[in-house]
Amino acid sequence: MTKRAGFLRTDGTLPKTGRALLADSIATLFSALCGTSTVVSYIESASGFEAGGRAALATVTAAVLMLLALFLTPLILIIPSAATAPALVIVGVFMMQSVVEIDMKDFKIAAPAVPTMLAIPLTFSIAEGISAWASFAQPCSRSRWAKRRR
């Protein structure tokens, strides 16, 4: 997300990382208090960057619209789920744009990435996909084959 927004330095590091992590942790805390998935804060930020929003005004606007959506939930539920399918396809395309940057020649990176990409759509949960990544990342980084390929 930071790469798409143009916030990364040339060496790939993020300036003021502490502030970014603090903002994300606060967003995660509030999303958990509201009963939503804690990974929503990432997806909302990514969609804001895709739309061109960089300033605090975009964030405040998104927050106000989300608050308004809480009160409009009964009306929103009238929309059949089949009508939202095109929007989900577009979100999927945006998410898949980052896949081309995965180094598939490096076993330690590719082996956890593939189950993650499969788990998210098959389980209908980003959180389950992240847990699939965590399940594979540690064993793959410690395997003998990964050490030989360096």
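The values are calculated or read from the model by the stated rules, or taken from the named source; none is laboratory data. Computed from a prediction, not measured in an experiment: that's the story for all the values here. Quick reminder, even Gly has a Cβ in these numbers, built from the backbone with ideal geometry, and neighbours come from all protein chains shown.
List of remarks:
- Test for GLY48: is it modelled with pLDDT under 80 and closer than 21 Å to LEU8 by Cα: yes
- For the stretch 101-113, filtered to residues that are of a type in the set (A, V, I, L, M) and over 16 Å from the mean Cα position of the chain (by Cα), the residue that is farthest from ALA134 (Cα to Cα) is MET104.
- Filter result for ALA20 (at pLDDT below 75 and touching a Lys or Arg at 6+ places or on another chain (Cβ under 7 Å)): no
- Top-ranked residue of the stretch 98-123 - restricted to ones that are modelled with pLDDT of 80 or more and in a loop (DSSP other than H, G, I, E, B), ranked as nearest to PRO139 (Cα to Cα): ASP106
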